[in-house]
1. Looking only at the range 222-243, count every residue that is surrounded by fewer than 13 Cβ atoms within 10 Å (Cβ to Cβ) and within 16 Å of ligand 3 (Cβ to nearest atom) and tell me the total.
2. Which one of these is within 25 Å of Ala155 (Cα to Cα), out of contact with any strand residue (DSSP E or B) (no Cβ under 6 Å at 6 or more places or on another chain) and crowded, with 18+ Cβ neighbours inside 10 Å: Pro331, Pro346?
3. Taking interchain pairs and intrachain pairs at least six residues apart, which have beta carbon atoms under 6 angstrom, with the first residue in the range 26-40 and over 12 Å from Ser54 (Cα atoms) and the second part of a helix (DSSP H, G or I) and open to solvent by 60 Å² or more (accessible area, probe 1.4 Å)?
4. How many of the residues in the range 251-262 are open to solvent by less than 40 Å² (accessible area, probe 1.4 Å) and not in a loop (DSSP other than H, G, I, E, B)?
5. Which condition number in (1) part of a strand (DSSP E or B); (2) under 30 Å from the mean Cα position of the chain (by Cα) is the one that Gly268 fails?
6. Within the range 380-425, work out how many residues are open to solvent by less than 10 Å² (accessible area, probe 1.4 Å) and small (Gly, Ala, Ser).
7. Please state which of the following conditions Ser159 fails to meet, knowing it meets all the rest: (1) within 8 Å of ligand 1 (Cβ to nearest atom); (2) modelled with pLDDT under 80; (3) surrounded by fewer than 17 Cβ atoms within 10 Å (Cβ to Cβ).
8. If the requirement is being more than 16 Å from ligand 5 (Cβ to nearest atom), open to solvent by 30 Å² or more (accessible area, probe 1.4 Å) and at pLDDT 90 or above, which of these qualifies: Thr306, Thr297?
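The values are calculated or read from the model by the stated rules, or taken from the named source; none is laboratory data. Just so we're clear, the structure is a prediction, and the values are computed from it rather than from any experiment. Positions of Cβ are backbone-derived with ideal geometry, glycine not excepted, and every protein chain shown enters the neighbour counts. Surface accessibility is based on the protein's heavy atoms, side chains included, excluding ligands, DNA and RNA. Shrake-Rupley method; radii C 1.70, N 1.55, O 1.52, S 1.80 Å.
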Amino acid sequence: MLDSKNSIPPALLRLLFRSRAALAGAAMLALLSPILVISTLFDVVGGIENPYFSLLTYLVLGPLAGIALILIGAGALRARTKGEIGSYSYELFKEQLTIPERYGRIRRLGYTAVFLVSSFLLFLGVVVYSGHRYTDSVQFCGTFCHSVMAPEFAAYQNSPHSRVGCFACHIGKKAGGLARARFTGLKQLYATMSGTYPRPLPTPLSNLRPTRRMCEECHPPGSAYASKIRVIDSFLPDARNTRVQTAMIMKIGSGGRRPHGIHWHASGRHQIFYEAAAPGRRRITRVVLKDGAGNSTIFSRPGGRTQGTGTAGRAMDCIDCHNRPAHAFLPPGQALDRKLLNGQIPAGLPFIKREALAAITRSYPDNRTAMEGIARQLRRWYLAHPDPAASRKDLVEQAVRGAQQAYAENVFPEMGISWETYPDFLGHRNGGGCFRCHDGSFRSASGKTISNRCDLCHILLSGGQTTKTIPERLEDAVDRESGRGTGQGPS
Ligand code: HEC
Ligand code: HEC
Ligand code: HEC
Ligand code: HEC
Ligand code: HEC
């Protein structure tokens, strides 16, 4: 039988007391582990949904527990422990294993060690896994670097991809992407804490996933999309904020077996390469179309370079058109149109489109000044232009809130983001987007142009009309069909 001097727990304890580092580590671990266990459990079970809670658990307590372990390990290894659990030499082990009465002791030591180490590894596994899940969560990406990511997060929540994790587009599931994300993540964490990140954040991103994985996992390029009727609502800057609709048939098409329409571009049978004047890709200088047979057609602007290798520059893919699938920052007119359309800004308030536009497009140094400035300007204007409508004061206040929101969702002075910092390439607003190439000025040596025929991509059904338009007629038909007629149809 072993005496108390030789039994395991006291021996381990004595070992700790031999080294100050190990003692400090043990004290830290004793203090941290109950908190860490409980908070990890809470997080895994979903008891608390607070980003700072997860942040504290995984980015502060977790690493601290790791440091405590290292201290214990290092202390234990270095401690001089003659006659007890000694330094781990071969002779010692041989002696312990060959002398029968020592063998029992070493066995018990072994069991204890295996038990301690495996339960700890299990626990560490849970912490590391939950921490890994947490740092990949939308919550972490979107809210931890609060002011840095706030604009992208706000725009994301208004997008059709607001239920697709940041992770799916930006990182992916492959180990390489994960490791890279952790590494650049550390750099970004530093930049955030030291405030050295660029404002606005640069785009295009050099480390995005290839679109083949980023988009095509969910939207295969061969999908055939039927032509689709698009109706764009807008409000004129007149006294009645007249609502107008532009309706068009978008020829979306397919990149599949028979490439046609707009998604002719998404086919793998040909590839377009282009060069741009600056990284923002707003001005394109040269376009090369390489067909399936390997023939290249080089398009350039008058006076531009026509020679050179075929595949220089960027290979065009989904995000050269869909560059804002998750972070659509709207231009001011459209931002207000949305608010007018859903009633957040009352369309019954005379001239509100025009006045709100004037108020939100002024330049403000920060968000607070902007909120005050927009409110002051609108209130002042409506005070100077009285209107008989009795409830006008609450309408003005409602309009103020709507206009402030339209601003706050799209402009972030603290991050250097103003209107149109991040343009959308999907249409041809201000001659950008598709018209970067399809403006009719690109020509090949044989005289072929990149078309800008107005019916190449869409057929306009009605543009800016205020009388009964095609969409209204379609709407009437749908209403009649579903029996919720407006009173004008047959009953
Ligand atoms: C549907 C795919 C998708 C999702 C989901 C997504 N992003 Fe993006 N993100 C993009 C694309 C595409 C770009 C622009 C790429 C370019 O032009 O180079 C981008 C750009 C960015 C940028 C650079 C600045 C800018 O606006 O161009 C940041 C920062 C960013 N995303 C953060 C996030 C965060 C945070 C989330 C989750 C809340 C998220 N993203 C979710 C696709 C996505
Ligand atoms: C994890 C799956 C997933 C990924 C990855 C993804 N999407 Fe989507 N996307 C969806 C879903 C789901 C919808 C439908 C949303 C809806 O109808 O509200 C959608 C809708 C769309 C739409 C139609 C938007 C609209 O206004 O109706 C476009 C365009 C689109 N995605 C493009 C992209 C592009 C470009 C990428 C890559 C940058 C991408 N998606 C990545 C799932 C995904
Ligand atoms: C040449 C530009 C261009 C390219 C390249 C492109 N798209 Fe599109 N895509 C469009 C346009 C324009 C629309 C129609 C938008 C609208 O209705 O306003 C569209 C529509 C879509 C839709 C919505 C279809 C629907 O029925 O509403 C999806 C999804 C989509 N694209 C995914 C992709 C994916 C994935 C890729 C890459 C494989 C891609 N697109 C490449 C221009 C492009
Ligand atoms: C980088 C340059 C570039 C950009 C940007 C671009 N295109 Fe194209 N597009 C081309 C070239 C080159 C062709 C082929 C011209 C030819 O062969 O006549 C083409 C052809 C087309 C065609 C005809 C396809 C067919 O059936 O032959 C459509 C439709 C089209 N583009 C739509 C769009 C739309 C919509 C956008 C914007 C969302 C867009 N393109 C942006 C370069 C571009
Ligand atoms: C290369 C393809 C292409 C060509 C060529 C083209 N368009 Fe467009 N157009 C688009 C796309 C894509 C949109 C955007 C739809 C959206 O907002 O999603 C659009 C949108 C529009 C809109 C609605 C914009 C708004 O915000 O109200 C009008 C109007 C329009 N186009 C007129 C024209 C006219 C006129 C021409 C001929 C000079 C033309 N387009 C040529 C692709 C094209």
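1. 2
2. Numbers: Pro331 fails: crowded, with 18+ Cβ neighbours inside 10 Å.
Residue meeting the stated conditions: Pro346.
3. Pairs that qualify, where the first residue is over 12 Å from Ser54 (Cα atoms) and the partner is part of a helix (DSSP H, G or I) and open to solvent by 60 Å² or more (accessible area, probe 1.4 Å), are Leu32/Leu64.
4. Final tally of qualifying residues: 2.
5. (1)
6. Looking only at that region, the number is 4.
7. (2)
8. Numbers: Thr306 fails: at pLDDT 90 or above.
Checking each option against the conditions leaves just Thr297.
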